[in-house]
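Following: one structure in structure tokens, then a few remarks.
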Ligand code: GTP
Ligand code: MG
């Protein structure tokens with residue numbers, strides 16, 4: 001069965017379509033860039049170019065857009081990316097603020113904390129953890145709906161005086177659907193009516209079995225307000241990260257995901273990018289969603305200008321031609337022409353998708369009227 005056009009395949013691999021046509025010819029397949037080829041041929045081509053291939057569902061193939069395939073020896077541990085979720089008022093924002101204050105390298109710089117959609121904490125041991133600081137389910141599901149699964153670990157905040165509430169259940173379902181492990185932060189243990197054991201019991205009804213009850217979900221009792229056990233939570237996150245064996249290759253062209261993007265007075269289009277693989281550097285030419293650009297400046301979560309950003313690091317990127325959307329992929333490419341080519345392709349694709357969704361809506365409207 002046919003399933004991908006030559007053009008699309010080339011774009012997903014960030015290769016020139018003419019090179020893909022040539023490679024196909026070598027395999028005895030004559031195809032123009034608008035023609036569709038089957039999954040097996042596509043897989044052969046992908047391997048030929050040294051990219052990785054991932055079949056997500058039957059007949060549908062997702063191809064790593066990033067440059068060269070990483071070999072075992074290239075891969076180094078990278079910091080985990082954590083999203084905090086939980087019911088209203090259970091302490092998500094308080095916990096994010098409290099964790100941020102545990103950063104051991106923050107002090108000396110004395111920088112004012114910037115809201116860039118994510119921040120990184122360095123622990124006394126030197127280990128780093130990245131937190132997406134847009135708490136809540138909407139951000140998580142929106143990103144996921146757009147194909148961006150950047151979260152490695154969900155910290156589920158449950159107030160010990162309130163236990164499981166509707167949005168707690170919603171968060172559990174989101175995390176499970178995404179296949180992301182949960183760490184339970186049993187918060188507000190400083191309150192006199194705190195009942196952490198009730199939280200443990202209630203979680204059982206939602207198939208969350210904590211380690212101390214023979215399951216495999218880790219939990220930490222803490223107080224975001226009184227700053228109790230924040231270090232314990234961080235250690236637990238690192239432990240979970242270790243089990244996930246999160247690794248990346250810093251020695252390659254960067255790719256990542258846009259976490260936030262906006263047009264700012266005097267600064268132009270600014271995007272917060274989470275680097276997923278490779279190292280992003282000032283001067284790099286990139287495509288972010290349907291926008292291309294060249295990195296004019298990089299700013300960390302304290303607003304300090306930096307020359308580069310490593311895997312797992314959130315960074316503000318200046319130098320975009322337009323504003324990408326949260327969840328868009330960013331890829332560093334070899335030159336301007338390539339960046340513009342991919343940007344134009346993605347823009348066309350977005351227009352097609354928008355047109356298709358309008359057509360769907362018009363159809364259902366007509367059906368309703370009829
Ligand atoms: P939403 O963003 O509205 O969903 O709330 P949230 O989950 O971000 O909760 P937030 O951090 O705003 O905290 C809600 C209230 O609980 C605030 O009044 C906090 O001061 C309080 N609070 C948060 N953590 C603790 C804690 O550990 N102990 C106590 N006693 N109060 C806490
Ligand atoms: Mg909040």
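Throughout, read-outs are computed from the coordinates displayed, never taken from laboratory work. Given the structure is predicted, the values throughout are model-derived calculations rather than measurements. We place every Cβ from the backbone using ideal geometry, glycine too, and count neighbours over all the protein chains shown.
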Checklist entry - Ranked highest first by the average count of other Cβ atoms within 10 Å around their residues, in what order do 204-215, 175-186 fall? => result 175-186, 204-215
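Give me the number: length gained by fully extending residue 29 to residue 360, i.e. 0.36 nm times residue separation minus the C-alpha to C-alpha distance, one decimal in nm. Walk me through the numbers before you get to the answer.
Details: separation 331, 0.36 × 331 = 119.16 nm, distance 3.53 nm.
Gain on extension, residue 29 to residue 360, equals 115.6 nm.
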Next on the checklist: For the pair residue 115/residue 75, report the inter-label distance in nm, with labels modelled 7 Å from Cα in the Cβ direction.
Outcome noted: 3.7 nm
Item to check | Fraction in percent of alpha-carbon pairs per bin - 5 Å, the stretch 130-288 | outcome: 2, 8, 15, 18, 18, 14, 10, 8, 5, 3, 1, 0
Next on the checklist: I want to verify a result. In a Gaussian network model of the chain, Cα cutoff 10 Å, which of these has the top mean-square fluctuation: 85, 30, 123?
Outcome noted: 30
Item to check | Candidates 266, 303, 293: whichever shows maximal mean-square fluctuation once the chain is modelled as a Gaussian network with Cα springs under 10 Å | outcome: 266
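At 222 nm, what helix-only mean residue ellipticity would the chain give, in deg cm²/dmol to the nearest 500, using -39500 (n - 2.57) for each DSSP H run of four or more?
Numbers: 10 runs with 121 residues, N = 370.
The helix-only estimate for the chain comes to -10000 deg cm²/dmol at 222 nm.
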Next on the checklist: Could you tell me the extents of the chain's C-alpha atoms along the three principal axes, largest first, rounded to whole Å?
Outcome noted: 73, 58, 46
Next on the checklist: Test of understanding: extend the Cα→C-beta vector of residue 177 to 7 Å, then name every residue of the stretch 325-349 with backbone N under 19 Å from that spot.
Outcome noted: 326-328
Checklist entry - Of all the C-alpha pairs in the stretch 117-208, what % are more than 22 Å from each other? => result 37 percent
Next on the checklist: At 7 Å along Cα-to-Cβ for each site, give me the label-to-label distance between residue 142 and residue 167 in nm.
Outcome noted: 1.5 nm
Item to check | GNM top mover of 166, 314, 80 - the chain, alpha-carbon springs below 10 Å | outcome: 166
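Taking 0.36 nm per residue of separation and subtracting the Cα-Cα distance, what length does fully extending residue 251 through residue 207 add? Please report the intermediate quantities before stating the final value.
On the way: separation 44, 0.36 × 44 = 15.84 nm, distance 4.08 nm.
Result for the pair: 11.8 nm of gain on full extension.
With an 8 Å cut-off on Cα pairs and a minimum separation of 6 or more residues, tell me the relative contact order of the stretch 294-370 in percent. Display every interim value, and only then the final one.
Values: 38 pairs, mean separation 15.5, N = 77.
Here the relative contact order equals 20 percent.
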